[in-house]
Amino acid sequence: MVQASPFKPIALVVEDDAMQRELAAMLLEDCEMGVVQCESAEAALKVLVRLGPSVSMMLTDVNLAGKIDGLELAQFTHENYPNIHVVVTSGLALKRSLPEDATFMPKPWVARDLMREAERSYH
C-alpha cells in the first residue's frame with residue numbers, strides 16, 4: 001500500500017473511516033507526497049518501525065480501531081521520531097493534551113488546512 005517514492009516526502013494517514021482516510025490521502029498526494037494509509041495505530045506503528053525516519057507528516061484521528069488511540073500514537077511518534085510533523089484530528093474536544101509541536105485540526109477539516117499542514121511538514 002506504500003505509494004511513496006524516494007523523492008517525495010511521505011505522509012502517514014491513520015484513520016479508521018475509509019472515506020476520510022481516502023480523502024486525506026488524495027489531498028496529500030495532490031501536494032506531491034507519497035502516502036501510506038493505516039486504519040489503526042497498531043498498523044501505523046509497524047509502518048513507523050519500517051519507514052519512520054523517511055516519514056515527514058502523520059495525520060491521525062484520535063478515535064481509532066484497536067487498543068491504541070491517536071493521542072497515544074502521536075505521543076509515541078513525537079518521542080521516537082521528532083522530525084515527523086504530527087497532526088491530530090477529531091470531531092470531539094480533546095480530553096488530553098497534544099504532544100509538544102503537534103497540531104490539532106478539528107473535524108470536519110477543510111482541504112486547504114490539510115494542504116497547509118502538508119507544506120509545513122516538508123524538511
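The values are calculated or read from the model by the stated rules, or taken from the named source; none is laboratory data. All values derive from a computational prediction rather than experimental measurement. Note that we place each Cβ from the backbone using ideal geometry, even for glycine, and neighbour counts take in every protein chain shown.
Farther than 21 Å from Ala111 by Cβ and either in contact with a helix residue (DSSP H, G or I) (Cβ under 9 Å, 6 or more places away or on another chain) or in contact (Cβ under 8 Å) with a residue 40 or more places away in the chain (or both): is that true of Ile10 in this structure?
Details: farther than 21 Å from Ala111 by Cβ: no; either in contact with a helix residue (DSSP H, G or I) (Cβ under 9 Å, 6 or more places away or on another chain) or in contact (Cβ under 8 Å) with a residue 40 or more places away in the chain (or both): yes.
Judged against the criteria, Ile10 is not a match.
Note on segment 86-98: residues that are more than 15 Å from Ala44 (Cβ to Cβ) and either in contact with a Phe, Trp or Tyr (Cβ under 9 Å, 6 or more places away or on another chain) or hydroxyl-bearing (Ser, Thr, Tyr) (or both) amount to 4. A Cβ distance below 6 Å, combined with a sequence gap of six or more or placement on separate chains, defines the contacts here; from segment 69-96, residues that are surrounded by fewer than 18 Cβ atoms within 10 Å (Cβ to Cβ) reach no residue that is modelled with pLDDT under 95 and of a type in the set (Val, Ile, Thr). Within segment 48-68, being buried (at least 16 other Cβ atoms within 10 Å of the Cβ), more than 25 Å from Trp109 (Cα to Cα) and free of Cβ contacts under 8 Å to residues at least 40 places away in the same chain holds for one residue alone: Gly52. Considering Ala65, Ala43, the condition of being hydrophobic (A, V, I, L, M, F, W, C) and farther than 13 Å from Leu12 by Cα is satisfied by Ala65 alone.
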